[in-house]
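Enquirer: Below you'll find the structure I mean.
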Amino acid sequence: MSIRPVIISTWPFGLAANEAAAAALASGGNCLDAVEKGINVAEDDPEVTSVGFGGLPNAQGIVEVDAAVMYGPTHGAGSVAGVRGLKNPISLARKVMQHSRHVMLVGEGAREFALRHGFPFTEMLTEPARAKWIQWLLKTYPLPPGKTHDTIGMVALDASGDLAVGCSTSGYAWKEPGRVGDSPLIGSGLYVDNEVGGAAATGLGESILKYCLSFLVVEGMRQGLSPQTACEAALRRMKSREAEYPDAWAGLVALNKAGEYGAACCGHSDFPYALHRGGKNEVLTYSPRPE
Ligand code: ASP
C-alpha cells in the first residue's frame, strides 16, 4: 500500500484538519486543496482559541489573524497578516496567491481585497474569548503565557508527489495591535520546495522569524538530512544564537518528497502533532532528548 497521501500538522487539533485534508484529496483535490480545506477546519472551530474564529484577541480585544500558503508545483505563495473580521485567512492567502499580482497583503488592504473577492466578514470574538480578554485586562487570567497562542501548520504530499504547505493563526493573545509573527512570513512560518519537501512552524514568532526556521529545515533536507534531523538542526541553530528570547519555544513539522516525516520542538516539554500516513491518522508526540 502506498504511503501517500501524507499530511502532517501541528498540535492535536491537526487531527481533524488532516481528516478534512485527506477527504479533499480523496474527492479529487490536490495538495493545495488539501491544505486549504484542512486548515479551514481549525479556523472554523471556536474551541481552537489560537486560530481563526474564537481566537484570543489582541490587547484591544480585536481578533487579528495571519495566514500563508505555498504551492510546490508553481513555487507560488500567498500571505495575509493582521486581518480583522475574517474567519478563513488561509483561503484569502490562497486567493492572494492565485488572483493578485502580489504575495502578501496586510490589514485594511487585505480586507478590501477580501471584500472584492466576496469573502464574508464576521465578529470573530467569541464570548469565552472575550471573557478571557477581560480577565487578562483585570490581570486575573489564569493560564501561563505559553497557553495563549498556537498555529495550525500543515504540510501535504499528494498522490502525484506534489507538496503544499500552509499555516494560520490568531497570533499571540493580547498582542500589540498590528503585531505579526512568523506564520505569514514565507520561509519563517512555512516553506516548500517541490523537489525537496516542506516545513511549518509554531511557537514564539518573535524568535522563529529571525532564523527563517522553515526555510532552514527545507534546506537541511536538500542537503540530505532526514526531516527529523533537519527539524532538530534548525532548532539547534536558533537556540545557539538566540539572546533576546533564550528560552523561546518552537515546534516544527516537516515532510520530504519521499513521504518521510519529522517533528521537533525546543523550550517545551513535548510537542504533539498529527500525522496522516499510509491511511492512518493519529496524534504523535515528540519529546526532546535531555541535553
Ligand atoms: N507562531 C505564532 C505567532 O508567533 C504563534 C504560535 O504558533 O504559537 O504568531
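The values are calculated or read from the model by the stated rules, or taken from the named source; none is laboratory data. Keep in mind it's a predicted model, so treat the numbers as computed, not measured. With ideal geometry, Cβ positions are generated from the backbone for all residues, glycine too; neighbour counts draw on all protein chains shown.
Enquirer: Can you give me the number of residues within region 272-285 that are part of a strand (DSSP E or B), touching a residue at least 24 places away in the same chain (Cβ under 8 Å) and surrounded by fewer than 24 Cβ atoms within 10 Å (Cβ to Cβ)? Quick ask: steps written out before the conclusion?
Expert: The initial filter retains those residues of region 272-285 that are part of a strand (DSSP E or B), namely 272-277, 280-285.
After this cut, where a residue has to be touching a residue at least 24 places away in the same chain (Cβ under 8 Å) as well, the list is 272-277, 281-283.
Filter once more, so that each one left must be surrounded by fewer than 24 Cβ atoms within 10 Å (Cβ to Cβ): 272, 275, 277, 281-283.
Summing the residues that are part of a strand (DSSP E or B), touching a residue at least 24 places away in the same chain (Cβ under 8 Å) and surrounded by fewer than 24 Cβ atoms within 10 Å (Cβ to Cβ) in region 272-285 gives 6.
Let's see how each residue does on (1) at pLDDT below 95; (2) surrounded by fewer than 23 Cβ atoms within 10 Å (Cβ to Cβ); (3) within 16 Å of the ligand (Cβ to nearest atom); (4) within 16 Å of the chain's Cα centre (by Cα):
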{"position": "PRO5", "(1), (2), (3), (4)": "no, no, no, no"}
{"position": "ALA23", "(1), (2), (3), (4)": "no, yes, no, no"}
{"position": "ALA26", "(1), (2), (3), (4)": "no, yes, no, no"}
{"position": "GLY29", "(1), (2), (3), (4)": "no, yes, no, no"}
{"position": "ALA34", "(1), (2), (3), (4)": "no, no, no, yes"}
{"position": "GLY38", "(1), (2), (3), (4)": "no, no, no, yes"}
{"position": "GLY52", "(1), (2), (3), (4)": "no, no, yes, yes"}
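Enquirer: Taking region 38-72 only, how many residues are farther than 17 Å from GLY82 by Cβ and acidic (Asp, Glu)?
Expert: 3
Enquirer: Grab the strands (runs of 3 or more DSSP E) fully contained in region 57-171, keeping just those with 3 or more residues being within 16 Å of the ligand (Cβ to nearest atom) and buried (at least 19 other Cβ atoms within 10 Å of the Cβ). Give the derivation first.
Expert: Details: elements: 64-71, 76-84, 104-106, 152-157, 163-169.
The qualifying strands (runs of 3 or more DSSP E) are 64-71, 76-84, 152-157, 163-169.
Enquirer: Does region 113-130 contain at least one residue that is without any contact (Cβ under 8 Å) to a residue 12 or more places away in the chain and under 20 Å from SER50 (Cβ atoms)?
Expert: Narrowing region 113-130 to residues without any contact (Cβ under 8 Å) to a residue 12 or more places away in the chain: 115-116, 118, 127.
Add one more test, that the residue is under 20 Å from SER50 (Cβ atoms), and what stays is 127.
Checking region 113-130: at least one residue is without any contact (Cβ under 8 Å) to a residue 12 or more places away in the chain and under 20 Å from SER50 (Cβ atoms).
Enquirer: Hey, HIS149 hits all of (1) modelled with pLDDT of 95 or more; (2) under 12 Å from the mean Cα position of the chain (by Cα); (3) farther than 23 Å from GLU219 by Cβ but one; which does it fall short on?
Expert: Of (1) modelled with pLDDT of 95 or more; (2) under 12 Å from the mean Cα position of the chain (by Cα); (3) farther than 23 Å from GLU219 by Cβ, only one is false for HIS149: (1).
Enquirer: Also, quick follow-up: Based on what the data block shows, is ALA16 closer than 13 Å to THR151 by Cα and part of a helix (DSSP H, G or I)? Please lay out each step first, then the result.
Expert: Numbers: closer than 13 Å to THR151 by Cα: no; part of a helix (DSSP H, G or I): yes.
It is false that ALA16 is closer than 13 Å to THR151 by Cα and part of a helix (DSSP H, G or I).
Enquirer: I need the full set of residues from region 212-227 which are more than 21 Å from ILE152 (Cβ to Cβ) and buried (at least 16 other Cβ atoms within 10 Å of the Cβ), in order please. Outline the logic, then answer.
Expert: Filtering region 212-227 for residues more than 21 Å from ILE152 (Cβ to Cβ) gives 219-226.
Passing the criteria: GLU219, GLY220, MET221, LEU225, SER226.
Enquirer: Testing GLY205 on (1) touching a Gly at 6+ places or on another chain (Cβ under 9 Å); (2) buried (at least 22 other Cβ atoms within 10 Å of the Cβ); (3) under 25 Å from GLY161 (Cβ atoms); (4) not hydrophobic (A, V, I, L, M, F, W, C), one condition comes back false. Which one is that?
Expert: With (1) touching a Gly at 6+ places or on another chain (Cβ under 9 Å); (2) buried (at least 22 other Cβ atoms within 10 Å of the Cβ); (3) under 25 Å from GLY161 (Cβ atoms); (4) not hydrophobic (A, V, I, L, M, F, W, C) applied to GLY205, the lone miss is (3).
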